[in-house]
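The values are calculated or read from the model by the stated rules, or taken from the named source; none is laboratory data. Note that this is a predicted model, so its numbers are computed, not measured. Note that each Cβ is placed from the backbone with ideal geometry, even for glycine, and that neighbours are counted across all protein chains shown. Keep in mind that these areas ignore ligands, DNA and RNA; they rest on the heavy atoms of the full protein, side chains included. Shrake-Rupley method; radii C 1.70, N 1.55, O 1.52, S 1.80 Å.
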Amino acid sequence: MNFSGIIVGAAVFLSIGICHPAVIKMEYHWGKQSWWVWLLVGLLCTGASLFVRHSIVSTILGGFAFSCFWAIHEMFLQEKRVLKGWFPENPKRHAYYENLRKK
């Protein structure tokens, strides 16, 4: 039996599960301007996946890298969700959201 597909699938599922709440927390505390953190982590994981010899670990790193790249897109969508009232806004950044609502 070959469990590598199940291992990779579970790891990618877990990485998506980690990225989703992390996007919400990052947007709440730092705003969408923190998207570059996802880019940096994604690029580091992409680079690491190229040099790791173990195929399962390399695949998991690649999957996590692209979850990070997708999180960049989600950062911008999360701000829109906050503006619609679907998620709470950070009271310390209320003026920022009000300026966006006026536009």
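Would it be correct to say that SER55 is open to solvent by less than 60 Å² (accessible area, probe 1.4 Å) and of a type in the set (Ser, Thr, Tyr)?
Taking the combined requirement at face value, the residue does not satisfy it.
Can you tell me which residue within the range 59-103, out of those that are assigned to a helix (DSSP H, G or I) and of a type in the set (Phe, Trp, Tyr), is nearest to TRP36 (Cα to Cα)? Of everything passing the filter in the range 59-103, PHE69 is nearest to TRP36 (Cα to Cα). Could you list, in sequence order, all residues of the range 32-52 that are more than 13 Å from CYS19 (Cβ to Cβ), free of Cβ contacts under 8 Å to residues at least 24 places away in the same chain and either part of a helix (DSSP H, G or I) or not hydrophobic (A, V, I, L, M, F, W, C) (or both)? Residues satisfying the conditions are GLN33, TRP36, LEU40, LEU43, LEU44, THR46, GLY47, ALA48, SER49, LEU50, PHE51. Looking only at the range 58-85, which residues are β-branched (Val, Ile, Thr) and open to solvent by less than 60 Å² (accessible area, probe 1.4 Å)? Hits for the range 58-85 are ILE60, ILE72, VAL82. Residues being free of Cβ contacts under 8 Å to residues at least 24 places away in the same chain, surrounded by 13 or more Cβ atoms within 10 Å (Cβ to Cβ) and of a type in the set (A, V, I, L, M, F, W, C) are entirely absent from the range 86-98.
How many residues are open to solvent by less than 50 Å² (accessible area, probe 1.4 Å) and of a type in the set (A, V, I, L, M) if we restrict to the range 1-36? So that I can check it myself, show each step before the final result.
In the first step, residues of the range 1-36 are kept if they are open to solvent by less than 50 Å² (accessible area, probe 1.4 Å); the result is 4, 8-9, 11-12, 15, 17, 19, 22-24, 26-27, 31, 34.
Cutting the leftovers down to of a type in the set (A, V, I, L, M) gives us 8, 11-12, 22-24, 26.
Counting residues in the range 1-36 that are open to solvent by less than 50 Å² (accessible area, probe 1.4 Å) and of a type in the set (A, V, I, L, M) gives 7.
So that you can scan it fast, the table gives a plain yes or no per residue for (1) among the acidic types (Asp, Glu); (2) modelled with pLDDT of 95 or more:
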position: VAL52; (1), (2): no, yes
position: ILE56; (1), (2): no, yes
position: THR59; (1), (2): no, yes
position: ALA71; (1), (2): no, yes
position: GLU74; (1), (2): yes, yes
position: GLU79; (1), (2): yes, yes
position: ALA95; (1), (2): no, no
